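A quick write-up on the structure given underneath.
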Amino acid sequence: MELIEQIDRWSEVYPERAAHVSGAHSITYRELTSRSNKLAAYLSSTLPSDGSPIVILGHKEIEMLVGFLGCIKSGHPYIPLDTSLPSQRVEVVIETARSSLTLTPEQIREIISDDSENKFTIHKPALNDPWYIIFTSGSTGNPKGVTITRGCLENFVEWVTTEQGFKEGNEIFLNQAPFSFDLSVMDLYASLASGGTLFSINKDEIAEQKVLYKTLAKSDVSFWVSTPSFARMCLMEHSFNQEMLPNVHTFWFCGETLAPDVAANLLKRFPNAKVWNTYGPTEATVATTSIQITEEVVAKYSPLPVGRPKPGTQVVVHDEKANPVADGERGEIIIAGPNVSVGYIHRPDLTARAFFELNNQRAYHTGDWGRVQDGLLFFEGRMDFQIKLHGYRIEIGDIESNLHALTNVQDAVVIPAMKNERADYLVAFMILKSKSEKSDFEVMREMKRQLSERVPDYMVPRKFVFLAEFPTTTNGKVDRKKLAETIQ
Ligand code: AMP
């Protein structure tokens with residue numbers, strides 16, 4: 001069954017079940033279907049049927065899903081943008097995507113409250129039609145729009161549905177990431193495809209710790225989807241455990257490194273839950289590899305593996321000459337398969353650089369270093385975090401992994417301090433597991449000593465800054481830019 005039919009079917013099977021809960025508001029499956037049909041009828045009657053993308057600009061409002069499905073049903077892909085984006089950035093996206101319409105939750109509410117009847121037939125996207133376009137930051141400072149087709153999305157949804165075995169009409173999915181971040185595609189469509197309830201927490205709730213834990217305690221979430229950074233933050237609250245979320249049976253992570261201590265603590269605090277680590281870029285539809293992180297996996301590997309490829313998708317590690325490397329050797333992770341995007345919207349230049357064909361499948365250069373060991377993929381940092389420091393070639397990820405392995409280190413981020421656009425020295429931002437009685441200077445000296453036992457001296461950061469937590473981006477990842485600003 002096509003995804004859109006699968007979603008609409010719930011309005012007959014579970015009409016009164018909440019499809020989305022956000023703050024004090026919720027929308028049932030019956031309402032979601034009727035309102036998205038209403039919006040689609042309006043869009044079909046007012047827009048040319050040219051398949052041009054529509055920007056849905058909001059946060060976690062219950063009109064967001066109406067907007068997404070209304071666009072699809074009228075033959076237009078959508079671009080989810082979060083209100084936290086500066087308006088200049090929104091303008092760049094609209095211009096790049098050549099989008100002629102932007103809808104906010106207020107506008108959607110107004111359109112669907114109109115009583116007039118518009119005749120229309122639900123548009124059924126073809127497999128290669130774009131479903132959504134998510135903008136990610138580009139290395140040159142301009143965002144690029146990753147085009148995900150119906151085929152990519154259905155392929156991803158089918159995989160996670162089979163692998164995770166969602167209980168139909170029974171799950172409550174945590175939605176932490178904004179809809180502009182592709183991690184949210186996991187909770188949104190896993191929920192819609194299985195007749196679940198999407199439980200959103202909004203930015204105000206996240207910013208206010210007391211409110212956040214109260215909201216979580218009321219949520220009854222069964223399937224947790226977030227960045228590892230968000231889970232780490234929650235773990236700082238001692239009451240964050242199985243008692244707070246009695247029905248949670250799975251923690252599903254993607255988007256950044258899942259540190260072993262986060263996985264181990266979750267397994268301890270939530271004895272009824274499984275922890276999954278998954279890996280993949282927006283360009284390959286959320287995630288491409290996965291592994292269940294058990295206590296045995298935590299005991300055996302540090303860093304943790306990111307898993308095995310989903311069926312039907314190739315994940316290979318290439319050297320600079322595009323030859324597969326031997327197991328245990330490092331190279332670039334290449335992903336090929338039906339979940340790989342068709343490219344960056346209206347940017348054939350960037351598309352040609354990043355995408356190619358491999359064994360008759362669309363393939364993508366991730367720009368990630370990886371290694372295969374024991375049949376498992378390991379993520380080894382970004383290729384573009386490679387720097388030259390006084391002539392030495394250094395991977396920032398290499399230093400960070402080694403810092404993670406030192407005693408009493410909870411998290412570590414290394415940033416090069418720049419002088420005249422060149423790396424001058426390295427600064428390590430550290431979160432310790434427990435506060436030391438020694439002075440910061442003494443702790444730093446001891447860490448430098450320990451680190452110099454693991455890496456060449458030129459890779460030992462000159463400065464160490466000890467923090468209680470790292471700033472995070474709106475997507476919930478560590479905000480490296482903000483950390484870098486503190487050393488300029
Ligand atoms: P995004 O497109 O925002 O999802 O970012 C994709 C990038 O996040 C990947 O290319 C990786 O560099 C990183 N990433 C994704 N998943 C993981 C993971 N499980 N572990 C480490 N890094 C990850």
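The values are calculated or read from the model by the stated rules, or taken from the named source; none is laboratory data. Note that the structure is a prediction, hence the values are computed from the model and not measured. For neighbour counting, all protein chains shown are included, and Cβ atoms are generated from backbone atoms with ideal geometry for every residue, glycine included. Surface accessibility is based on the protein's heavy atoms, side chains included, excluding ligands, DNA and RNA. Shrake-Rupley method; radii C 1.70, N 1.55, O 1.52, S 1.80 Å.
Rg then Dmax, both in Å and based on the Cα atoms of the range 395-467: 11.8, 38. Each residue of the range 244-252 is assigned a 3J(HN,Hα), and the resulting list reads 5, 10, x, 9, 5, 10, 8, 10, 10 Hz, derived from the Karplus form 6.51 cos²θ - 1.76 cosθ + 1.60 (θ = phi - 60°), x at Gly and Pro. Just going by the charge dipole of the chain, with Lys and Arg at +1 and Asp and Glu at -1 on Cβ, which of Phe230, Val92, Leu451 is farthest out on the positive end? Of the options given, the answer is Leu451. Using only Cα atoms, locate the centre of the range 308-368 and the centre of the range 29-94, then give the distance between them in Å, rounded to an integer. Taking the Cα centre of the range 29-94 as reference, the centre of the range 308-368 is 30 Å away. Overall, the range 1-124 carries a charge dipole of about 200 debye about its Cα centre when +1 sits on the Cβ of Lys and Arg and -1 on the Cβ of Asp and Glu, all other atoms neutral. Computed over the range 26-166, the Cα gyration tensor eigenvalues convert (square root of 5λ each) into semi-axes of 23, 20, 16 Å, ordered from largest to smallest.
Computed from the C-beta positions of Val465 and Glu5, the FRET efficiency with R₀ = 60 Å rounds to 0.65. Averaging over all projection directions, the Cα-based convex hull of the chain occupies 23.4 nm² in the image plane. Counting only lysines at least 8 places from Lys435 when in the same chain, those with an alpha carbon closer than 29 Å to its own are Lys210, Lys214, Lys268, Lys300, Lys448, Lys463, Lys477, Lys481, Lys482.
Each helix, a run of at least 4 DSSP H residues, gives -39500 (n - 2.57); summed and divided by the residues of the chain, these come to -9500 deg cm²/dmol at 222 nm.
Got the relative contact order for the chain handy, in percent, Cα pairs under 8 Å and 6 or more residues apart?
10 percent
Under the convention that each Lys and Arg Cβ holds +1 and each Asp and Glu Cβ holds -1, the size of the dipole of the range 191-278 around its Cα centre is about 120 debye.
Bridge orientation summary for the range 1-101: considering DSSP beta bridges with both residues in this region, about 40 percent are antiparallel. What's the carbon and sulfur percent of the chain's accessible surface, probe 1.4 angstrom, rounded to a whole number? Of the solvent-accessible surface of the chain, carbon and sulfur hold 49 percent. Partners of Lys203 within straight-line reach, counting aspartates and glutamates whose Cα lies under 14 Å from its Cα and excluding those fewer than 8 residues away in the same chain: Glu61, Asp82. Measuring between their Cα centroids, the range 175-219 and the range 232-286 lie 14 Å from each other. Report note on the peptides 303-315, 211-223, 356-368, 60-72: ranked by the mean count of other C-beta atoms within 10 Å, highest first, their order is 60-72, 303-315, 211-223, 356-368. Straight-line cross-link partners of Lys321 among the aspartates and glutamates, defined as a Cα under 13 Å from its Cα and at least 8 positions apart when in the same chain: Glu332.
So which trypsin sites (Lys or Arg not before Pro) in the range 61-102 pass both tests, a DSSP loop state and at most 16 other Cβ atoms within 10 Å of the Cβ? Write out the running numbers ahead of the final one.
Values: sites: Lys73, Arg89, Arg98; in loops: Arg98.
Listed in order of number, the matching sites are Arg98.
Full extension of the chain between Lys210 and Lys124 yields a length gain of 26.5 nm, computed as 0.36 nm times the residue separation minus the alpha carbon distance. Scanning residues 5 or more positions from Asp424 or on other chains, those with amide H under 5 Å from its amide H are Ala417, Met418, Lys419, with H placed 1.01 Å from N in the peptide plane.
Its Cα gyration tensor gives the range 190-280 an equivalent ellipsoid. The semi-axes, each the square root of 5 times an eigenvalue, are 18, 17, 14 Å from largest down. With an a/c value of 1.5 or above and a/b larger than b/c for the gyration tensor axes a ≥ b ≥ c computed over the alpha-carbon atoms, the range 300-356 is described as prolate.
In this rough spin-label picture, where each label sits 7 Å from Cα along the Cβ direction, the Leu376-Lys300 distance is 0.6 nm. Surface analysis of the range 39-117 yields an accessible area of 41 Å² per residue, using protein heavy atoms and a 1.4 Å probe.
Extension gain for Asp220 to Leu101 (0.36 nm times residue separation, less C-alpha to C-alpha distance): 39.2 nm.
Legend: residue pairs Lys60/Lys274; Lys60/Lys119; Lys38/Lys73, Cα-Cα distance threshold 18 Å; pairs beyond threshold, Lys60/Lys274; Lys60/Lys119. Using Cα atoms only, what is the angle between the long axis of helix 87-97 and the major principal axis of the chain, expressed in degrees (0 to 90) to the nearest 10? The two axes meet at around 70 degrees. Amide H contacts for Thr197 (H built 1.01 Å from N in the peptide plane; partners 5 or more residues away or on another chain; cut-off under 5 Å): Glu171, Ile172, Phe173. Candidates Ala18, Val372, Leu127 compared by Cα position along the dipole of the chain: farthest toward the positive end lies Val372, with charges placed on Cβ.
Rounded to the nearest 10 degrees, what's the angle between the helix 29-46 long axis and the longest principal axis of the chain, both from Cα atoms, 0 to 90? So the inclination is approximately 80 degrees. Dipole magnitude for the chain: computed about the Cα centre from +1 point charges on Lys and Arg Cβ and -1 point charges on Asp and Glu Cβ, it is near 780 debye. Entry comment: accessible area of the range 297-340 is 48 Å² per residue, from protein heavy atoms only and a probe of 1.4 Å.
Extension gain, Asp424 to Ser87: 0.36 nm times the residue separation minus the Cα-Cα distance gives 117.9 nm.
Farthest toward the positive end of the dipole of the range 363-488, out of Ala412, Phe464, Gln386, is the Cα of Phe464, where the dipole comes from beta carbon charges about the Cα centre.
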